[in-house]
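Scroll down for the structure; my scribbles are underneath it.
The values are calculated or read from the model by the stated rules, or taken from the named source; none is laboratory data. The structure displayed is predicted, hence computed values, not measured ones. Quick reminder, even Gly has a Cβ in these numbers, built from the backbone with ideal geometry, and neighbours come from all protein chains shown. Calculation scope for accessible area: heavy atoms of the full protein, side chains included, ligands and nucleic acids excluded. Shrake-Rupley method; radii C 1.70, N 1.55, O 1.52, S 1.80 Å.
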Amino acid sequence: MLELRNVDAFYGRAQALFSISLKVEEGECVALLGRNGAGKTTTLLSIMNLVKNTGDILFKGKPLNGKQAFSVAKAGVGFVPDSRRIFPTLSVEENLKLGRKTAPDGAANWTVDRVYGVFPKLGQIAGRDGGNLSGGEQQMLSIARALMGNPDILMLDEPTEGLAPVIVEDLVEIISNLKREKMTVLLVEQNVGAALSLAERCYIYDHGYITEEKTSEEIAQDEKLKHELLGV
Ligand code: ATP
């Protein structure tokens, strides 16, 4: 569904990504792991074309290069940045409705009711202002809002960051439910446990390079690698 071939990315003259190549197949959950500053977020920003990049980025077989971020979103890429960006003076339901976009074929559209089915908590607080939500509620709302755009792939940048362990568990369960609904997911995570329980495959980043590609099972059994990843 999504493929990057030899992608380099730059902030001004500083190069942040070096020849990144990766693939996400339809229905798969793939995680990007690695230390702070290794280039995981920059990879998602390159896909959205929010940072200068070269190389090939293909989505459903067609190049995304040169498209502006809103066109990338329109093509079916749902991006949930780590900043969450909830509208504080709008209610939960109004925030959701702002994300609404009809799928090209009109099939399997996400509606407010379908979202409340997956995120029951959001249904309970539908009328509350976005500014009065906990961190976990904001994260759920930002994922739910991205779903309202009927994406073919959901890219999540550190969804568990700053959340209490019990909330992380809720979120992992919700993302698992989305996988069961056949959603394709590209996940950036510092929480290795959460990443390994969600993703089938992982790419490991170091200083702007992908150094390894492994299945989550392989990482789970590799104490040394796990220690390095947990030691970030
Ligand atoms: P983190 O978890 O900290 O976000 P990351 O793996 O996602 O880590 P990136 O945010 O992609 O890493 O950063 C990759 C490199 O690009 C780092 O060296 C970082 O300092 C640099 N960088 C990121 N954003 C900018 C920016 N706006 N301007 C200049 N350099 C940046």
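With respect to (1) crowded, with 16+ Cβ neighbours inside 10 Å; (2) of a type in the set (Gly, Ala, Ser); (3) out of contact with any strand residue (DSSP E or B) (no Cβ under 8 Å at 6 or more places or on another chain); (4) over 30 Å from Ser134 (Cα atoms), the lone exception for Ala194 is condition (4).
Can you find a residue that is away from the ligand (no atom under 12 Å from the Cβ) and open to solvent by less than 30 Å² (accessible area, probe 1.4 Å) anywhere in the range 9-23? Yes. Scanning the range 151-164 for residues that are within 13 Å of the chain's Cα centre (by Cα) and either part of a helix (DSSP H, G or I) or within 16 Å of the ligand (Cβ to nearest atom) (or both) turns up Met155, Leu156, Asp157, Glu158, Pro159, Thr160, Glu161. The residues of the range 124-143 that are acidic (Asp, Glu) and part of a helix (DSSP H, G or I) amount to a single one, Glu137. Within the option set Ile143, Ile175, Ile219, Ile167, being open to solvent by 40 Å² or more (accessible area, probe 1.4 Å), among the β-branched types (Val, Ile, Thr), away from the ligand (no atom under 16 Å from the Cβ) and touching a helix residue (DSSP H, G or I) at 6+ places or on another chain (Cβ under 8 Å) holds for one residue only, Ile167. Condition first: more than 9 Å from the ligand (Cβ to nearest atom), surrounded by fewer than 16 Cβ atoms within 10 Å (Cβ to Cβ) and on the phi > 0 side of the Ramachandran plot. Now tell me which residues in the range 30-80 satisfy that. Matches in the range 30-80: Lys60, Gly61, Gly66.
Counting only strands (runs of 3 or more DSSP E) that sit completely within the range 179-232, zero hold 3 or more residues that are of a type outside the set (Asp, Glu) and in contact with a His (Cβ under 8 Å, 6 or more places away or on another chain).
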